[in-house]
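Here's the structure we're looking at; comments come further down.
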Amino acid sequence: MNDKSAVLTATDEEIATALKDANTMSLMMAIVHLTGDLSVIRGDIKPDFEAVLDPQMGITEAAQKEIAEKALAALIDYRDRGGTLPPPPSDADVLEMVRFLTGREDLSEDYVPFLMQELSLHGEDAYYHAPVAPDAPEKKADFHTVIIGAGMSGILAAIKLKEEGLPYIVIEKNETVGGTWYENDYPGCRVDSPNHNYSYSFAQKDWPQHFSDRKVLWDYFEECADKFGVRGSIRFNTEVQHSRYDEARKIWQVTVKNADGSEELLEANAVISAVGQLSRPKMPDIKGLGSFNGPAFHSAEWDHSVDLKGKRVGVIGTGASVFQFVPHVAQEAEDIRIFQRTPPWVFPTPEYHDYIEPGKHWLLNNYPFYEKWFRFSMFWTTAEGLLDGVRIDPSWNDLSLATSEMNLFMREMFTAYIRETVGDDEELLAKIIPQYPLGGKRSLRDDGTWLRTLTEPHVHIETDPIVEIVPEGIRTKSGELHEFDVLIYGTGFNADKFLWPMDFYGEEGLSLREHWDGDPRAYLGIAMPKFPNLFVMYGPNTNIVVNGSIIFFSECEMRYILGCLKLLVEGDEKAMAPRESVHDAYNVKIDEGNRQMAWGVPGVDSWYKNDKGRVTQNWPGTLLEYWTLTKAPDPADYEFN
Ligand code: NAP
């Protein structure tokens, strides 16, 4: 962004007005770029890193004003110089800036190249990869890829293959693009990772809200499919049934079911699965399921024809979906009873439903480097910077409520927030204050909307376990029958059944489903031994609990996959699969890592763990580690043939 012409024509008053809405930390960084002078971050104005819930990080109003005045002077000077910048900050300067912004004096220098690229401060591509066979278009023309899914990852894969001039086709079961953002249209559905991070690094936009609603996200992916010209290569209303690897020909045979029900066989040199982890709704295993007399539906298949006005509504679950739709349903329904097994932690986020202020829009669009640093501060405060808070301290004895001193500090802060918001209803508080460590499950962002809804007289949290669904409603363990007009299942997705219901048959006809046996593993979450040229995006152990945006992972994965395709297209060997030893050693480390995180604590169940208790979904490390590991494939990790 950063529209120079808008700055060159802006009046002093316009700039001063915009600066009233500034995020001071991002502004301080931008001032360094405009002036070439680091004194603004070497003075007395410093963030308070304990003020984690304050977007201004404890910087006083007087100090905010002082920085805004400096920013005004710097921009006026820049404007009056005709928009010329001093020399860019050196690597050492960037490290100092990042250490100031993160409060981590010991922050590793390894972050500098990562940040220089992620911030794209000087036009770098954060996910740079060497071009695939730039001098051999004929080799590329012969190498075909099938991409499965046109959601966030699939569109990304298509954009990147198109950029490289590699032929591809995308198979999408829905009628249009967007995946989860197209499918989930329950009331209140919105992203809970800040949009400036939850967006492709190469397609930033002027987001209306910090956390936009699903329609804005869906539109974004529709826009990207058009802007980058990939829509024409997507076959909609077409579903992959299964794929079989022909070892002799080194070809994947992908069987698809067309919209008219006919089957078709497609052939490809490589397959990229981009079907996500959260696309197939999960119905609970409860006796009598299906016997309810009234309308009943899953949150991901919302039945908008059902009028909830004046109805008695039963809701099963208290996960990320329920927490978003219940406040909306509460405005319509006469009575809601929410069946809770485990309460979620809520992460106080005052701006969760807010629109971005006009001044901040102006700064994001026009003030040089402001948007880059704002994106970085989101990246840090909502991602990398939170990871330590959910790590298990090996010397911490009792893991039942917290995993470390910092985890306990956050627990106390979040508990205080719940108490402040809910008031003194001790019966309700006893139900909704989680009795497991923060980070054990996904925590939900709340500006108080969810918690206040729970205090309404017609909204009830039911903790008596469900034993049966009956025609009239739900019967609980105490024997009580709760009668409803409508039932809504907020019971999540079949996340542990990666790639389901498709199956892939690799070398010697091996079925991936049988091979995984409910315990999926992959090398870097991307590739599996015995399944040559099959690449997975958002595969096993690539989900994140607190740190960041899944788009970050997809961009890393796609960069790595392009590195693999480069080896295949340019080399003589046309098939590659990771060595068993490399894959196994990697997974030992992943399991060790997950055992050291709050979501690995035994006894806390979540969709992150499979029924063997192993964490199959999550990445235990930093974003820097994943970014570094996925820069490019090391041929030594693979067997080629
Ligand atoms: P979820 O987090 O898996 O929640 C499912 C809920 O259903 C849990 O509260 C679970 O209880 C409950 N449940 C399952 N079976 C049950 C049973 N038999 N009886 C009673 N309760 C039962 O699913 P989700 O809310 O759809 O979210 C899944 C993931 O999707 C999220 O973690 C997030 O990654 C993503 N998501 C993101 C957003 C967003 O804001 N961007 C919104 C929605 C979803 P237990 O906790 O006790 O198992």
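FYI, it's all coordinate maths here, none of it is from the lab. Please read these numbers as outputs of a predicted model, since none were measured by experiment. Counting neighbours? That spans all protein chains shown, and the Cβs are built from the backbone with ideal geometry, glycine included.
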Exercise. Starting from the stretch 12-110, pick out the chymotrypsin sites (Phe, Trp or Tyr not before Pro) whose DSSP state is loop and whose Cβ has at most 14 other Cβ atoms within 10 Å.
Key: 49
Quiz prompt | Charged-residue dipole, Cβ positions (Lys, Arg, Asp, Glu), the stretch 430-587 about Cα centre, Debye nearest 20 | solution = 480 debye
Self-check item: Relative packing of 34-47, 253-266, 589-602, 524-537, which averages over residues the other C-beta atoms within 10 Å, highest first
Solution: 524-537, 589-602, 34-47, 253-266
Practice problem: Sticking with the crude label model, points 7 Å out along Cα→Cβ, report the distance from residue 85 to residue 480 in nm, one decimal please. | Solution: 6.2 nm
Quiz item: Could you state the number of Å between the C-alpha centres of the stretch 1-40 and the stretch 532-573?
Solution: 37 Å
Self-check item: Pairs of Cα atoms farther than 14 Å apart, the stretch 247-332, %
Solution: 77 percent
Exercise. For the stretch 284-346, just say rounded, prolate or oblate: build the C-alpha gyration tensor, square-root its eigenvalues into a ≥ b ≥ c, call rounded for a/c under 1.5, and beyond that prolate if a/b exceeds b/c, oblate if not.
Key: oblate
Practice problem: Would you please give the residues with an amide H less than 5 Å from that of residue 298, counting only those at least 5 places away or on a separate chain, with H modeled from the backbone geometry? | Solution: 489
Self-check item: For residue 288, distant residues with modelled amide H under 5 Å away
Solution: 469
Quiz item: Got the relative contact order for the chain handy, in percent, Cα pairs under 8 Å and 6 or more residues apart?
Solution: 17 percent
Exercise. Write out the trypsin sites (Lys or Arg not before Pro) in the stretch 373-479 meeting two conditions: DSSP loop, and at most 11 other Cβ atoms within 10 Å of their Cβ.
Key: 477
Quiz item: Between the stretch 55-106 and the stretch 406-464, what is the C-alpha centre distance in whole Å?
Solution: 37 Å
Self-check item: Debye log10 I(q)/I(0) for the stretch 70-173, one point scatterer per Cα, at q = 0.12, 0.22 Å⁻¹
Solution: -0.71, -1.12
Exercise. Among 374, 167, 624, pick out the residue whose Cα is farthest towards the positive end of the charge dipole of the chain, where Lys and Arg carry +1 and Asp and Glu carry -1 on C-beta, about the Cα centre.
Key: 167
Quiz item: Non-local amide H neighbours of residue 541 (under 5 Å, H modeled in plane, Pro and chain starts lacking H): which ones?
Solution: 617, 618
Exercise. Would you mind ranking 511, 404 so that the residue whose beta carbon has the fewest other beta carbons within 10 Å leads the list?
Key: 511, 404
Quiz item: Which order do 420, 239 fall in if you start with the one that has the fewest other Cβ atoms within 10 Å?
Solution: 420, 239
Quiz item: Over the stretch 482-641, what relative contact order in percent results from Cα pairs under 8 Å that are six or more residues apart?
Solution: 29 percent
Quiz item: Highest mean first, what order results for 362-371, 145-154 on Cβ atoms within 10 Å?
Solution: 145-154, 362-371
Exercise. Can you tell me the dipole magnitude for the chain around its Cα centre, using point charges on the Cβ only (Lys, Arg +1; Asp, Glu -1), in Debye to the nearest 20?
Key: 760 debye
Practice problem: Fewest Cβ neighbours within 10 Å first, please rank 455, 421, 415 accordingly. | Solution: 455, 415, 421
Quiz prompt | Reference-scaled alpha-carbon Rg (2.2 N^0.38 Å with N residues) for the stretch 163-303 | solution = 1.28
Quiz prompt | 10 Å binning of all Cα-Cα separations within the chain, expressed as whole percents from 0 upward | solution = 3, 15, 24, 26, 20, 10, 2, 0
Self-check item: Point-to-point label distance, residue 105-residue 44, nm (Cα→Cβ direction, 7 Å offset)
Solution: 2.0 nm
Self-check item: Cα pair distances in the stretch 453-588, grouped into 5 Å bins until the bin that holds the longest one, percent each
Solution: 2, 8, 13, 15, 13, 9, 7, 8, 8, 7, 5, 3, 1, 0, 0
Quiz item: What full-extension length gain, to one decimal in nm, is calculated for residue 21 and residue 580 as 0.36 nm per residue of separation minus the Cα-Cα distance?
Solution: 195.9 nm
Practice problem: Indicate the gyration tensor shape class of the stretch 578-626 (rounded, prolate or oblate), computed on the Cα atoms with a ≥ b ≥ c the square roots of the eigenvalues: a/c under 1.5 is rounded; otherwise a/b larger than b/c is prolate and the rest oblate. | Solution: oblate
Quiz item: What residue among 113, 97, 143 has its Cα farthest toward the positive end of the dipole of the stretch 88-169, where the charges are +1 on Lys, Arg and -1 on Asp, Glu, each on the Cβ?
Solution: 143
Practice problem: Report, in debye and to the nearest 20, how large the dipole of the stretch 6-145 comes out about its Cα centre when Lys and Arg carry +1 and Asp and Glu carry -1 on their Cβ. | Solution: 200 debye
Practice problem: Just flag the GluC sites (Glu not before Pro) in the stretch 147-228 sitting in loop per DSSP whose Cβ has no more than 13 other Cβ atoms within 10 Å. | Solution: 175
